[in-house]
Amino acid sequence: MALILNDNWGHLFEMSGGDEAQLLNDTSRIKGKEALNRNIEAAEALSGAIRSTLGPKGLDKMLVSENGSVRITNDGVTVLKNAKIEHPIAKMLIDIATNQENTVHDGTTSSILLASELLQNAWELYVKGIHPSIIANGYSLAYQKSTEFLESLKIDSEISDLLEQVTKTSLSGKGDKSIQETLSRLSCEAARGVAKTGKNGKIKANSNDIKIITQKGGGATDSYLIEGLVLAKQACSPDMKRTHKKGKIMIIDGGIEMKKPTLTSKIMFSEPSMISAFKDKEQEIIAKQIEDILKLKPDILVCRDGIDDSAIRLLQINGVCAYRRVERDDLELLSRTCNASIIASPANAKKKDLGSFETSDEENWSGVKHWILKGTKQSGMTLVIRGSTDILLQEIETSFSDALGVACQILEDGAVLPGGGATQMALSRKLKKWAEEFEGRESLAILAYADALEIIPRTLSINGGYDPIDQILALNAAQASAKPKIANLLGININNGTICNMYDLGIIESVQNHQQCLAGSTAAAISILRIDDVLWAKNDPTFPEGIGEEDLEND
Ligand code: ADP
Ligand code: MG
């Protein structure tokens with residue numbers, strides 16, 4: 001497979017009718033061994049940049065943007081997303097980490113480290129003369145077998161008892177112990193708060209049902225959960241009735257105002273009376289919309305767009321409290337919290353589209369008005385994150401939303417595996433044994449895959465300040481000599497460097513985290529291995545760092 005690094009290439013190819021020789025005059029090219037070597041170097045450079053963040057003793061990175069704004073983070077994927085990385089292989093790896101983040105909310109650094117290690121090990125086989133397609137094949141076999149092995153390594157235990165431990169493990173390295181404990185407690189409480197049992201008996205916990213808002217001041221451990229939704233909004237007019245008990249809410253995905261024309265247009269009036277007639281017509285349309293709303297008797301009206309001043313007056317006179325310019329995500333939250341439909345316009349609204357709420361009120365928090373609304377079925381929750389600086393608030397918000405995602409996933413589909421390198425070591429050992437069954441060259445790739453898995457316990461030890469060789473040997477020996485029931489639970493206790501039962505220590509992670517990490521990193525490694533030709537358009541303005549033009553010209 002060739003990696004083509006400019007969209008123009010495809011275009012050129014079409015135009016030329018496939019005259020490759022001529023086309024290649026317009027491109028630079030690296031082939032075969034050199035191409036693979038460069039791509040693997042790029043992956044190694046990327047994993048090197050985030051290696052030191054892994055695990056509870058991983059350190060933070062300070063990111064300073066071009067405009068001078070600062071962010072401090074321990075999250076591998078945040079580091080990479082914020083770095084200006086041009087290399088296409090690096091971008092591929094960032095993609096797998098982003099996917100890991102979006103699907104399982106954890107394991108991003110691990111997935112990049114593993115992908116890079118798989119490539120390093122593949123390179124060693126390649127220089128010994130093993131063809132990349134055989135290595136790719138072996139990796140694919142090893143991955144499939146690993147997913148089977150993961151099933152057998154699952155911890156058999158009541159999931160809801162383990163929720164706090166899983167979220168705490170996912171928060172390792174993020175802030176100090178007290179912050180981790182607060183965020184873990186709050187995320188589990190929030191996840192349990194929004195979890196619902198469906199008709200089929202399955203639990204559904206949607207992390208989007210939880211609103212996160214930040215409130216500057218205090219420390220992170222002062223963060224708290226509120227039942228109901230809190231939005232940094234105030235009613236359109238201070239004269240509107242803002243305290244309500246048991247009422248109806250109407251949500252409109254639009255506004256009560258005259259829409260501005262999308263095209264620049266001029267309206268010519270030949271007589272002054274036409275201006276007032278035009279204005280009257282506008283008012284008439286707005287009054288009709290208000291009439292449609294009032295017919296359904298809502299206590300609160302929420303609009304995504306603006307509400308005209310005349311409409312505000314009419315609503316206020318009729319005892320309706322209105323909120324305008326509410327973001328689409330918040331409309332959806334309100335809709336779920338109050339079981340209301342989001343309607344397109346008042347003309348089409350029906351009584352059943354209105355939702356119900358228990359209470360609605362406004363409070364002044366540090367000079368900013370906040371609207372607090374509780375739904376009738378106690379659905380909807382808000383986490384108020386406290387922190388002394390914007391930088392801290394941002395990092396806590398990211399950590400909380402990840403922990404919340406992990407908690408919701410565990411509640412929905414709970415199965416866990418031991419952390420601290422225990423699972424990777426157990427998988428590695430099982431794969432090595434399994435590789436003995438193979439006669440062909442693929443067995444070498446399976447062994448390379450098994451070795452690559454050890455990058456996680458190895459990096460955890462390095463970041464903890466221990467000797468990685470001694471630790472890996474000790475872990476391997478401990479798993480080999482322990483009773484089968486506990487062997488796979490043994491991992492590295494980073495606090496003192498001993499080999500311990502990770503389940504007893506409460507260092508456990510979701511099965512999905514491990515599955516996704518293996519799937520993403522294997523897929524990336526295989527696709528990079530299959531590239532034997534890299535073609536750069538010579539005039540590419542975004543010429544990637546890491547590969548010098550002069551190198552390409554020598555090729
Ligand atoms: P990732 O982005 O891959 O989740 P983290 O920095 O969160 O990276 O580190 C996760 C790794 O740290 C996992 O392998 C997890 O098992 C391990 N880990 C977390 N807490 C501990 C601990 N107390 N002792 C040993 N390993 C731990
Ligand atoms: Mg993590």
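Between Ile226 and Ala344, the contour length at 0.36 nm per residue exceeds the alpha carbon distance by 39.5 nm.
According to the Cα-based calculation, Rg over Rh for segment 75-211 is 1.05, with Rh computed by the Kirkwood formula. Phi angles of segment 123-131 translate, via the Karplus equation with coefficients 6.51, -1.76, 1.60 and θ = phi - 60°, into HN-Hα couplings of 4, 4, 5, 4, 5, 7, x, 8, 5 Hz per residue; Gly and Pro are given as x. On the basis of the beta-carbon distance and an R0 of 45 Å, Glu363 and Asp504 show a calculated FRET efficiency of 0.50. Karplus-based coupling profile of segment 459-470, in residue order and whole Hz: 5, 4, 5, 4, 5, x, x, 10, 7, x, 5, 4, with θ = phi - 60° in 6.51 cos²θ - 1.76 cosθ + 1.60 and x standing for Gly or Pro. Close amide H pairs (under 5 Å, H built 1.01 Å from N) link Lys211 with Met381, Thr382, Leu383, residues at least 5 positions away or on another chain. Give me the distance between the Cα centres of segment 62-110 and segment 225-240, rounded to whole Å. Cα centroid to Cα centroid, the span is 35 Å. Taking a sphere under 12 Å around the Cβ of Ser521 and counting the other residues whose Cβ falls inside, with K and R at +1 and D and E at -1, yields a net charge of -2.
Taking the Cα centroid of segment 339-357 and of segment 129-208, what is the distance between the two, rounded to the nearest whole Å? What the calculation gives is 38 Å, centre to centre. Distance between the 7 Å Cα→Cβ label points at Asp413 and Ser152: 2.3 nm.
Between the alpha-carbon centres of segment 468-532 and segment 362-427 there is a gap of 26 Å. In the structure shown, the pairs Lys288/Lys352; Lys233/Lys297; Lys168/Lys430; Lys432/Lys483; Lys202/Lys248; Lys246/Lys295 are assessed against 25 Å; a Cα-Cα span above that value is assigned to Lys168/Lys430; Lys202/Lys248.
Counted residue by residue at 0.36 nm each, then reduced by the alpha carbon distance between them, the extension gain from Lys177 to Ala482 reaches 106.7 nm. Neighbours of Gly219 by Cβ distance under 14 Å: Lys/Arg scored +1, Asp/Glu scored -1, total -1. The distance between label points at Asp292 and Asp161 comes to 5.7 nm (points 7 Å beyond Cα on the Cα→Cβ vector).
Other residues whose C-beta falls under 15 angstrom from the C-beta of Asn348 contribute a net charge of +1, scoring Lys and Arg +1 and Asp and Glu -1.
Descending by average beta-carbon neighbour count within 10 Å, the peptides 510-520, 305-315 line up as 510-520, 305-315, the highest first.
For segment 427-443, 3J(HN,Hα) computed residue by residue from phi via the Karplus equation (6.51, -1.76, 1.60; θ = phi - 60°) reads 4, 4, 5, 5, 5, 4, 5, 5, 4, 5, 6, 8, 9, x, 5, 4, 4 Hz, glycine and proline entered as x. Each peptide in 404-411, 238-245 gets a packing score, the mean of other Cβ atoms within 10 Å over its residues, and the list from highest to lowest is 404-411, 238-245.
For Leu473 and Lys352, the FRET efficiency from 1/(1 + (r/R0)^6), where r spans their Cβ atoms and R0 equals 60 Å, is about 0.35. Each residue, Asp390 and Arg185, gets one label point 7 Å from its Cα in the Cβ direction; the gap between the two is 3.0 nm. For segment 171-228, the solvent-accessible area of protein heavy atoms averages 50 Å² per residue (probe radius 1.4 Å; ligands and nucleic acids excluded).
The values are calculated or read from the model by the stated rules, or taken from the named source; none is laboratory data. Quantities reported herein were computed from a predicted structural model and do not represent experimental measurements. For neighbour counting, all protein chains shown are included, and Cβ atoms are generated from backbone atoms with ideal geometry for every residue, glycine included. Ligands, DNA and RNA are stripped out before the accessible areas are found, and what is left, the full protein with its side chains, is counted by its heavy atoms. Shrake-Rupley method; radii C 1.70, N 1.55, O 1.52, S 1.80 Å.
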